[in-house]
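Notes follow the structure.
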Amino acid sequence: LAGTSAYIPPHLAGTSAYIPPHLAGTSAYIPPHLAGTSAYIPPHLAGDKSLSCLASTGLPFNAVPRKSTLRQPLILPPNQHDANELLRECIVYVVVPHEKAVLNRINRMAQFVLNEGPIFEAMIMNKELNNPKFEFLFDNKSADHCYYRWRLYSLLQGEIFSTWRTEEFRMFKNGSMWKPPPRHSKSDLKIMKQALESSVAAAAEPAQKRGQLSNQQRDKLEDMLRGLTVEKECIGSCMHWCLQHADAAEEIVECIGESLSILQTPPTVKAARLFLCNDLLYNSCAEVQNASSYRTKLEGKLAEIVVNLKET
């Protein structure tokens, strides 16, 4: 074993907390007997009350009793009144996910639910029941679920990704208090930057109303529809443009529907426009803001499109 970094000296053989030389001094080293436990807190973070939510308390939203340092699950009192009193005196700490992919996925989900309503959330929960990436929708005691529930509540109160209240609040009547994360969370900087850039872009086009194309964008769409062919690249380019402007999905679908009602349009061009509708429906579940709008708008337009096609 000479030269191996994990060599264990004979006098330490069998000790459960032996730290290999190449890991000595690392602040977050997890001893083997604790490996895999979700509540392990490195020594230099011990005592941080905001990390109490890392340990499972057994309470809804993993609420933590204010005057407790418990590290084992609680059992709610059988008496409803006592249980409500216990929950009322607890606090839910909201922690921003540290993985960018997880953070972006939760933020996008909250934005979609804000735009489409609770039916969209129910649809995704039914579709992604066994998808670990959407576990935050089901495990209501996980830190990711608490962040999602707070983020959605925050958006519903009119707050945005870059600014929110940090004061404690009660989300549910007689429920626990919630403690939002600090606004300067490093893991949220990218989302804050995107939100600010969107605000600047919107301010640069004061004449363009929300959910509408500008005159220049409308002309661009009509030009693309007139020149659309059945070539994959051509349809893909037009679909990508439509997804980029998904906030105006209703107007875009209306324009596509009108283009399919023109009797003089060559059949090959109409076929290309139908392929475009198909691709938009297929990609309406893409992780793009407002992309899901295409499904509802196209579903409401399909009957009219089919009637117009029969006439031609």
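When the C-alpha to C-alpha distance is required to be over 32 Å, the pairs from 173/297; 100/270; 127/301; 173/301; 133/220 that qualify are 173/297; 100/270; 173/301; 133/220.
Surface composition of segment 225-297: carbon and sulfur make up 56 percent of the accessible area, probe 1.4 Å. Computed from phi, the 3J(HN,Hα) profile of segment 97-105 under the Karplus parametrisation 6.51, -1.76, 1.60 (θ = phi - 60°) reads x, 8, 7, 4, 4, 5, 4, 5, 5 Hz, with x in place of Gly and Pro.
Taking every alpha-carbon pair within segment 104-157, the share separated by more than 19 Å comes to 17 percent.
For segment 106-191, the per residue solvent-accessible surface stands at 54 Å², with DNA, RNA and ligands left out and a 1.4 Å probe.
Surface composition of segment 101-162: carbon and sulfur atoms hold 55% of the protein heavy-atom accessible area at a 1.4 Å probe. Separation of segment 234-265 and segment 89-125, taken as the distance between their Cα centroids, equals 30 angstrom.
Diagonalising the gyration tensor over the Cα atoms of segment 254-312 and scaling each eigenvalue by 5 before taking the square root yields semi-axes of 23, 12, 8 Å, largest first.
The values are calculated or read from the model by the stated rules, or taken from the named source; none is laboratory data. Computed from a predicted model, the values in this text were never measured in an experiment. Quick note on the areas: whole protein, heavy atoms, side chains included, nothing else; ligands and nucleic acids left out. Shrake-Rupley method; radii C 1.70, N 1.55, O 1.52, S 1.80 Å.
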